[in-house]
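See below for the structure under consideration.
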């Protein structure tokens, strides 16, 4: 697989074209940012850790019948993925109250959300990733009704796979975001799943083991990511 020109550079990943028109190489960088890029840093080993973590989760989801764009790890910080036509949306599932939902509704952090909530956000840095509803998504042409229903179905199926996986490692999967795209007309999970895009707490102590360590200056960010991986059985060798 030949790596060609760079197509896209995000806050923590880059995407490169390959000699296969249906495949991209996704590069996980050590860059870290928060608050819409207002806080940035370089964290040694982060790209490698997130790449290995993402591969582990994507393989678990694929084994459970969830279609994903992930194909295989190419190097410490590179993965081969299918070329998706991404929908401009983030699907957020919340099992416990934390972050913006607490600020919006005055909820106590850690409150159990039963059933889990499902929220949609428009991916737009310029607009601050605003929350939207299914009527907005359909009316504005961001996704069809069928695609919305499929994203919601897959999101809750993913939650059914991941919640017990994290609980087995004595961790709470508090919330996370998912992104979806189309490959030959089939909707499937894209982007990544890593502690960068979710909240993970120790079940007993409620210690934060995710990107909130960076947001809140708690330190040992990559070490926390590695601890989550160790509990799940991810190999960083």
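With the convex hull constructed from alpha-carbon coordinates only, the range 50-105 shows a mean projected area of 5.6 nm² over all directions. Where the centroid of each part is defined by its Cα atoms, how far is the range 119-177 from the range 41-117 in Å? Here the two parts' Cα centres lie 10 Å apart. The Rg/Rh ratio of the range 13-94, with Rg taken over Cα atoms and Rh as the Kirkwood radius over Cα pairs, comes to 0.99. When the helices in the chain are scored as -39500 (n - 2.57) per DSSP H run of 4 or longer and the sum is shared across all residues, what 222 nm value do you end up with, to the nearest 500 deg cm²/dmol? -9000 deg cm²/dmol, from helical runs alone.
Using every pair of separate Cα atoms, the Kirkwood estimate puts the hydrodynamic radius of the range 87-221 at 15.8 angstrom. Normalised by the number of residues in the chain, the average gap of Cα pairs under 8 Å and 6 or more apart makes the relative contact order 18 percent. With contacts taken as Cα pairs under 8 Å and at least 6 residues apart, the range 87-221 reaches a relative contact order of 22 percent.
Here the relative contact order of the range 25-163, from alpha carbon pairs under 8 Å that lie six or more residues apart, stands at 18 percent.
Taken together, the values in this text are just the output of simple stated rules run on the coordinates, not laboratory data. Keep in mind it's a predicted model, so treat the numbers as computed, not measured.
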